[in-house]
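The values are calculated or read from the model by the stated rules, or taken from the named source; none is laboratory data. Nothing here was measured: the structure is a model prediction, and the numbers come from that model. In this analysis, Cβ positions are derived from the backbone assuming ideal geometry, glycine residues included, and neighbour counts consider all displayed protein chains. With ligands, DNA and RNA removed, areas are computed over all heavy atoms of the protein, side chains included. Shrake-Rupley method; radii C 1.70, N 1.55, O 1.52, S 1.80 Å.
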Amino acid sequence: MSDAWKGVSRARKCPICQHEDWCGYWTPEDYGGELICCQRDKEKCNMIGSDGQEYVFIGSAKGSGSSIYEERTQYELLRKKKTGMNYSHISKPQKRELKPVDQIVPKNNENCSSIYTYMQNLLILDPAHKAYLHSQGWTDELIEKHHIVSFPEEDSLRVKYHNRYRTRNITRARLADLILQKFGSNSLEGIPGAYLKGEQWTFAGPSGLVFPMYDLDGNTFRLRIRKDFSDIDATVITSGQDRFYYAEGKKYFISMKGVYFVTPGGEKEFLPQKGKYRTLASYYQDSQAATRGILANIYKKGCAAANQCSFYGLPFAKTSSLWYITEGEPKGLFASNALSTPVVTLPGVNSYSLILDDGVLSQMKELGMKMVVVAFDADKLHNERVLSCEKSLADGLKAAGIPVVIANWKEENGKGIDDLLASGGAPQYCIY
Ligand SMILES: [Zn+2]
């Protein structure tokens, strides 16, 4: 075993902050197990990592304040040995400043909205996706109101496995062509998701369901994709309701929940995945360039989409003083419709500071917001991270002079506020 640092990499990212630099893995000689040192973490509490594993917060490294985490199973095994450990000899890796090259800034929200709205008109909703939405309580009316469509698999997969697709959607390259024809040859530069593949504009991002992200003026400023896990580089077989493929002699099923195989005991075992949602973007940091001190994007002329919150149900904003906050765009769309109330959504519970941003809060106040209901998922009861984020958000809102109410419900009645409302339930409200 080595006492040295292994920096995180593209192949093995930091499970805490999901970045591929600055953080590290570390196997102290006197410890007998691997620890993770995250240099960006601010939560400092137990969490589910981006690899799906559970991580226990061990402590902060002396001097640097970096967070030390340990995978739960290993932690349980080594708990006894751990007593008396100190982390004073952890050296802090140096953060390297990279020189940005060819960074494309996203166009303004109005511009993005014209393009994305046109995209929604060009794409169709695959029947399987429609069936999924129906199963989640979505009506056709709600689907049409927000132009929920399907984002097709990468064109290269369609070419390679030409028999596997049933989608009537156009290809990504065709989608880009039609946009360029309507909006001009320069229209896709600065639209997150679009990039140049050779000389041809096309789109990056996973296949799946497309949900609009609205800003406070109602612009569809970004698109959020709920992955359908269909963009697998293998021959996919469809048989009745089942979709599956073979890899290394094993049969894998594709579902909206993820890719799984069935154990000999008959249990579904899901492959680890990094979240179900992505904001459509065409940015991936070039790790080769980073070793030369350069910050570059592997997608030519592509651009990033920063984490931002979305605002749903805004026609009601002028008359409603009560606003909900939840995590996840489909929840916001669904709940704002069911409650006839504005709902602000965070892309993830960790990003609550997006709402506490002074500009966002004062704009919400201008639109009539006087009180906030925080409605995070019911799993907060056993997910310390969700609970800790809920507290930080509520404290921040209170500090800004906004009364806060917490919505609670039993997990058996639905995980998210959308599930709860779809099943006819209502939360219990608790003044914070
Ligand atoms: Zn990290």
Query raised in the report: Can you spot a residue in segment 77-95 that is of a type in the set (A, V, I, L, M), buried (at least 17 other Cβ atoms within 10 Å of the Cβ), within 15 Å of the ligand (Cβ to nearest atom) and modelled with pLDDT of 85 or more?
Result: no
Query raised in the report: Any residue at all in segment 95-110 that is part of a strand (DSSP E or B), more than 23 Å from the chain's Cα centre (by Cα) and more than 19 Å from Arg278 (Cα to Cα)?
Result: yes
**Report entry** Candidates Leu157, Leu196, Leu178 - the one that is more than 25 Å from the chain's Cα centre (by Cα), within 21 Å of Gly302 (Cβ to Cβ) and open to solvent by less than 60 Å² (accessible area, probe 1.4 Å)
**Finding:** Leu178
**Report entry** Inter-residue pairs, beta-carbon under 7 Å, first under 18 Å from Lys6 (Cα atoms) and part of a loop (DSSP other than H, G, I, E, B) and in segment 38-67, second away from the ligand (no atom under 13 Å from the Cβ) and of a type in the set (Ser, Thr, Tyr), 6+ apart
**Finding:** Ala61/Tyr87; Ser66/Ser60
Query raised in the report: Regarding Gly265, is this residue open to solvent by less than 60 Å² (accessible area, probe 1.4 Å), over 22 Å from Glu154 (Cβ atoms) and not hydroxyl-bearing (Ser, Thr, Tyr)?
Result: no
Report task. List every residue pair whose Cβ atoms lie under 6 Å apart, where the two residues are 6 or more positions apart in sequence or sit on different chains, the first residue falls within segment 286-299 and is at pLDDT 80 or above, and the second residue, located anywhere, is assigned to a helix (DSSP H, G or I). Result -> Ala296/Ala289
Query raised in the report: Any residue in segment 273-288 that is closer than 30 Å to Asn186 by Cβ, among the charged types (D, E, K, R) and assigned by TED's automatic domain parsing to the domain that holds Ser135?
Result: yes
Query raised in the report: Of the numbered conditions (1) within 14 Å of the ligand (Cβ to nearest atom); (2) without any contact (Cβ under 8 Å) to a residue 24 or more places away in the chain; (3) farther than 23 Å from Ala289 by Cβ, Val8 satisfies every one except a single condition; which is it?
Result: (3)
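Given the options Cys38, Cys17, Cys23, name the one that is open to solvent by 20 Å² or more (accessible area, probe 1.4 Å), near the ligand (Cβ under 7 Å from one of its atoms) and at pLDDT 80 or above.
Cys17
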Query raised in the report: In segment 208-236, which residue that is modelled with pLDDT under 95 and of a type in the set (Gly, Ala, Ser) is surrounded by the most Cβ atoms within 10 Å (Cβ to Cβ)?
Result: Ser230
Report task. Scan (1) more than 18 Å from the chain's Cα centre (by Cα); (2) under 15 Å from Tyr75 (Cβ atoms); (3) away from the ligand (no atom under 12 Å from the Cβ) for the single condition Ile48 breaks and write down its number. Result -> (1)
Requested in this report: Check Ala61 against each of (1) over 23 Å from Glu390 (Cα atoms); (2) modelled with pLDDT of 80 or more and name the one condition it does not meet.
Outcome: (2)
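Residue-by-condition table, conditions (1) in contact with an Asp or Glu (Cβ under 6 Å, 6 or more places away or on another chain); (2) of a type outside the set (Ser, Thr, Tyr); (3) open to solvent by less than 60 Å² (accessible area, probe 1.4 Å):
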position	(1), (2), (3)
Ala306	no, yes, no
Cys309	no, yes, yes
Tyr324	no, no, yes
Pro330	no, yes, yes
Leu333	no, yes, yes
Asn337	no, yes, no
Report task. Go through (1) open to solvent by less than 40 Å² (accessible area, probe 1.4 Å); (2) in a helix (DSSP H, G or I) one by one and return the number of the condition Gln288 breaks. Result -> (1)
